[in-house]
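First the structure, in the form of structure tokens, and then the observations on it.
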Amino acid sequence: MKRILCFGDSLSWGLVPGTRQRHGADWRWAKVFAQHTGAEVMEEALNGRTTVYDFPGRPYRKGLDTLPMMLEQHAPLDTVMIMLGTNDFFAVPDATAEHALSGLRQLAEVVQSPSVEPGMPIPKLVLIASPMARVVRDSPYPFADVSEEIETQAARLPAMVKALAEEIGCGFFDASYLLTDDADGIHLSQDTTRELGLALAQADLI
């Protein structure tokens, strides 16, 4: 049985759009992926997680601080799937797609480096381009209100992540085609997060 680490933010945690509630396990993409591949999946997701940046007012959100521990804790791993970047646009003033890309590159370097634990294999890496944040009226999250500039930068990121994956020789999946919910412009409905899990399972990435 393959062992997969899914490392992400609220899109992977399964935040119900417009609320602080969580989708049930039968709907969250990582759990659906596990059901349809037979893999053992470690669902390591945190609301507000960034790639490498501090999120003012929201402690322990920096993915770079957490990922090395997760890699060692869950070793041995066959594959690490990372879907991050959206929160970088809220954590960093005037953030661009380049900020998120730089963060993803640093996380990729961690995954593709030799393991701290002797004898553990270096896992495969899959970078997932997140569903794109978009402007909606009356955002319920004052700390994550999507502006027109954020929407523009988020739309630039998927192609950049694809190019990074090609450069460093890792897997890539573009989830930006999935429409974020009208309730907040960031998160996925239960049907859509399930759709992502099914699409990933069919993509033969692990």
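Per-residue answers, yes or no, for (1) of a type in the set (Ser, Thr, Tyr); (2) closer than 19 Å to Gln153 by Cβ; (3) part of a helix (DSSP H, G or I):
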position	(1), (2), (3)
Leu67	no, no, yes
Met70	no, no, yes
Val80	no, no, no
Gly85	no, yes, no
Phe90	no, yes, yes
Glu98	no, yes, yes
Gln106	no, yes, yes
Ser113	yes, no, no
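Taken over region 1-33, the criterion of being touching a residue at least 60 places away in the same chain (Cβ under 8 Å) and in a helix (DSSP H, G or I) is satisfied by Ser10, Leu11, Ser12, Trp29, Ala30, Lys31, Val32, Phe33.
Looking at this structure, is Val110 more than 14 Å from Ile186 (Cβ to Cβ) and either of a type in the set (D, E, K, R) or crowded, with 21+ Cβ neighbours inside 10 Å (or both)? So Val110 fails the test.
Filter region 116-144 for residues that are surrounded by fewer than 17 Cβ atoms within 10 Å (Cβ to Cβ) and either over 19 Å from Leu104 (Cβ atoms) or touching a His at 6+ places or on another chain (Cβ under 8 Å) (or both) and give the result.
Here is the first cut: in region 116-144, the residues surrounded by fewer than 17 Cβ atoms within 10 Å (Cβ to Cβ) are 116-122, 135, 137-138, 140, 142-143.
Of everything in region 116-144, those that are surrounded by fewer than 17 Cβ atoms within 10 Å (Cβ to Cβ) and either over 19 Å from Leu104 (Cβ atoms) or touching a His at 6+ places or on another chain (Cβ under 8 Å) (or both) turn out to be Val116, Glu117, Pro118, Gly119, Met120, Pro121, Val135, Arg137, Asp138, Pro140, Pro142, Phe143.
Can you report the number of residues in region 9-20 which are out of contact with any Gly (no Cβ under 9 Å at 6 or more places or on another chain), at negative phi and not charged (D, E, K, R)?
Counting residues in region 9-20 that are out of contact with any Gly (no Cβ under 9 Å at 6 or more places or on another chain), at negative phi and not charged (D, E, K, R) gives 6.
Output yes when any residue across region 90-97 is aliphatic (A, V, I, L, M), surrounded by fewer than 22 Cβ atoms within 10 Å (Cβ to Cβ) and closer than 18 Å to Asp54 by Cβ, and no when none is. Among the residues of region 90-97, at least one is aliphatic (A, V, I, L, M), surrounded by fewer than 22 Cβ atoms within 10 Å (Cβ to Cβ) and closer than 18 Å to Asp54 by Cβ, which makes the answer yes. Can you find, within region 11-27, the residue that is nearest to Lys124 (Cα to Cα) among those that are buried (at least 17 other Cβ atoms within 10 Å of the Cβ) and touching a strand residue (DSSP E or B) at 6+ places or on another chain (Cβ under 7 Å)? By that ranking, first place goes to Ser12.
Each row is one residue, and each column tells you yes or no for (1) touching a strand residue (DSSP E or B) at 6+ places or on another chain (Cβ under 9 Å); (2) at negative phi.
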{"site": "Leu104", "(1), (2)": "yes, yes"}
{"site": "Leu107", "(1), (2)": "yes, yes"}
{"site": "Gly119", "(1), (2)": "no, no"}
{"site": "Leu125", "(1), (2)": "yes, yes"}
{"site": "Ala129", "(1), (2)": "yes, yes"}
{"site": "Met132", "(1), (2)": "no, yes"}
{"site": "Val135", "(1), (2)": "no, yes"}
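Tell me, please, whether a residue that is open to solvent by less than 20 Å² (accessible area, probe 1.4 Å), farther than 19 Å from Trp13 by Cα and either at pLDDT 95 or above or of a type outside the set (S, T, N, Q) (or both) can be found in region 171-190. No, the conditions are met nowhere in region 171-190.
Every test in (1) in contact with a Ser or Thr (Cβ under 9 Å, 6 or more places away or on another chain); (2) crowded, with 22+ Cβ neighbours inside 10 Å is passed by Ala39 save one, and that test is (2). Determine whether region 148-156 contains at least one residue that is open to solvent by less than 10 Å² (accessible area, probe 1.4 Å) and either out of contact with any Phe, Trp or Tyr (no Cβ under 8 Å at 6 or more places or on another chain) or outside any helix (DSSP H, G or I) (or both). Looking through region 148-156, none of the residues is open to solvent by less than 10 Å² (accessible area, probe 1.4 Å) and either out of contact with any Phe, Trp or Tyr (no Cβ under 8 Å at 6 or more places or on another chain) or outside any helix (DSSP H, G or I) (or both).
The values are calculated or read from the model by the stated rules, or taken from the named source; none is laboratory data. All values reported here derive from a predicted model rather than from experimental measurement. Virtual Cβ from ideal backbone geometry, glycine too; neighbours counted across all protein chains shown. Just so you know, the surface numbers come from the protein's heavy atoms only, side chains and all, with ligands and any DNA or RNA stripped out. Shrake-Rupley method; radii C 1.70, N 1.55, O 1.52, S 1.80 Å.
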